[in-house]
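The values are calculated or read from the model by the stated rules, or taken from the named source; none is laboratory data. Keep in mind that this is a model prediction, so the values were computed, not measured. Virtual Cβ from ideal backbone geometry, glycine too; neighbours counted across all protein chains shown.
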Amino acid sequence: MPKKIRLGILGGGGDSLIGVLHRVASFINDNYQITGAVFNPDFDASMEFAKEIDVPLNRIYKDFDTLIEEELKLPKDERIQVCSILTPNFLHYPMAKKLLDNGFHVICEKPMTTSLAEAKDLQKSHEKAGTVFALTHTYTGYPMVRQMREMIKAGALGKIHKVDAVYYQGWINTIIHDKEKRSSVWRLDPEKAGISSCMGDIGVHAFNLVEYTTGLKINELLCDFNYLYEDNKMDVDGTVLIRMGDHVKGVIRGSQVATGEENGLAISIYGEKGAFRWEQERPNFLYKLSDTEPTQIYKPGHAYNSELSLDGTKLPAGHPEGIFDSMANIYKGVARAIRGEEYNDGEFPTMKDGVRGMNFIEATVDSHKSGNNWVALEN
Ligand SMILES: NC(=O)c1ccc[n+]([C@@H]2O[C@H](COP(=O)([O-])OP(=O)(O)OC[C@H]3O[C@@H](n4cnc5c(N)ncnc54)[C@H](O)[C@@H]3O)[C@@H](O)[C@H]2O)c1
């Protein structure tokens, strides 16, 4: 068994939402050791948390710049190899850029940056660095999402003609209707979150899922947002019509005010020979629909699944795979890439997906603000 990869964590402190998902995911396949961190901008809080979860205190740094400076002083075989960026959005770009410029591998949360210009600049740093860059569009790690991708690639649906992706949540309802609250969270602050809330935070996952599963690119879109209040600068709901080439059309629906919805990401893909339907809240069931045959249900861990799908299951069929396993599959692919082993390009989203995602987010904002015009993506 090769030695564990030395992992640094930026953000993701005890007070965060996503930190635990990355920590557990990095642990699941025995590939990583958390070696150092800046969990929190408050050094004492970072130290406290490091004590709680047993990370060496001499590798907890007061801030990100100090982490880079001190780690570079260490011999290469002791130094952190890859850093996971789990901070609010506006820190992704400066942190990822400095990490790449200093030869580190990067695992970055979405949205990759706060603008397309930043994303393109990061791409340049990545090309120069030649290290691994992964973007954690978590849902691509589910075995049944991978199965959809592989079956579509093998022609199971024939020519695709319609895609419907939806990502509905309701949690912003607890914040948006209170003037004080809605001006105090980072997700609704353009300085910290970027130009979009709903499309930037969750619509971009749906966008990525559409391109990941169909293998097609979205060429043009038309978007209509709802901000709910005049003083709210960020979209909290949006509907996006998409054109994906020769008679392939669809819709991406996103909402953070879909009352009562939890994490309702779902996709339906319709083709001339059949259709797929998959829902994130029931991730172990992939439905294959047909006009002439009974509906089929594909499930993880069965030998009928593709190699890529089976690589993402650890136990025999019947043991449910969840969000932690999905993120763990992304970390597993990244470990292979860092070690220079062979891997399938469906194992983790990359810099290219990050640039596409930022192009999508900016296009939705441009479309809405220009009076709901069609906007072309840079393909
Ligand atoms: N992949 C997914 O499905 C998914 C889900 C949720 C969040 N996210 C993304 O993860 C990122 C974090 O989201 P969250 O919900 O965990 O946010 P959060 O506000 O809950 O946590 C952010 C963490 O970053 C820390 N932090 C802030 N500034 C820092 C700094 N300068 N240095 C070090 N740490 C700092 C905070 O202390 C906190 O621990 C966002 O970019 C978000 O879009 C992705």
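For residues in the range 19-45 being among the aliphatic types (A, V, I, L, M) and without any contact (Cβ under 8 Å) to a residue 60 or more places away in the chain, which is surrounded by the most Cβ atoms within 10 Å (Cβ to Cβ)?
If we take residues in the range 19-45 being among the aliphatic types (A, V, I, L, M) and without any contact (Cβ under 8 Å) to a residue 60 or more places away in the chain, then 37 is surrounded by the most Cβ atoms within 10 Å (Cβ to Cβ).
Filter the range 57-80 down to the residues that are in a helix (DSSP H, G or I), over 15 Å from residue 100 (Cα atoms) and either away from the ligand (no atom under 16 Å from the Cβ) or in contact with an Asp or Glu (Cβ under 6 Å, 6 or more places away or on another chain) (or both) and list them by number.
57, 58, 73 - these are the residues of the range 57-80 that are in a helix (DSSP H, G or I), over 15 Å from residue 100 (Cα atoms) and either away from the ligand (no atom under 16 Å from the Cβ) or in contact with an Asp or Glu (Cβ under 6 Å, 6 or more places away or on another chain) (or both).
Out of the range 164-186, which residues are under 17 Å from residue 226 (Cβ atoms) and in contact (Cβ under 8 Å) with a residue 60 or more places away in the chain?
Within the range 164-186, 166, 167, 168, 169, 170, 171, 172, 173, 176 qualify.
Which residues, counting only those in the range 27-48, are more than 14 Å from the ligand (Cβ to nearest atom) and either in a loop (DSSP other than H, G, I, E, B) or among the small types (Gly, Ala, Ser) (or both)?
Passing the criteria: 29, 30, 31.
Look at residue 144 and say whether it is away from the ligand (no atom under 16 Å from the Cβ), assigned to a helix (DSSP H, G or I), under 21 Å from the mean Cα position of the chain (by Cα) and at pLDDT 95 or above.
For residue 144, the condition - away from the ligand (no atom under 16 Å from the Cβ), assigned to a helix (DSSP H, G or I), under 21 Å from the mean Cα position of the chain (by Cα) and at pLDDT 95 or above - is met.
Scan (1) basic (Lys, Arg); (2) crowded, with 16+ Cβ neighbours inside 10 Å; (3) modelled with pLDDT of 95 or more for the single condition residue 217 breaks and write down its number.
It is condition (2) that residue 217 fails.
How many residues are in a helix (DSSP H, G or I) and either under 25 Å from residue 5 (Cα atoms) or among the aliphatic types (A, V, I, L, M) (or both) if we restrict to the range 103-123?
So the answer is 5.
What pairs can you find where one residue is in the range 115-138 and away from the ligand (no atom under 16 Å from the Cβ), the other is hydroxyl-bearing (Ser, Thr, Tyr), and their Cβ atoms are less than 8 Å apart, with a gap of 6+ or different chains?
Hits for this filter: 121/93.
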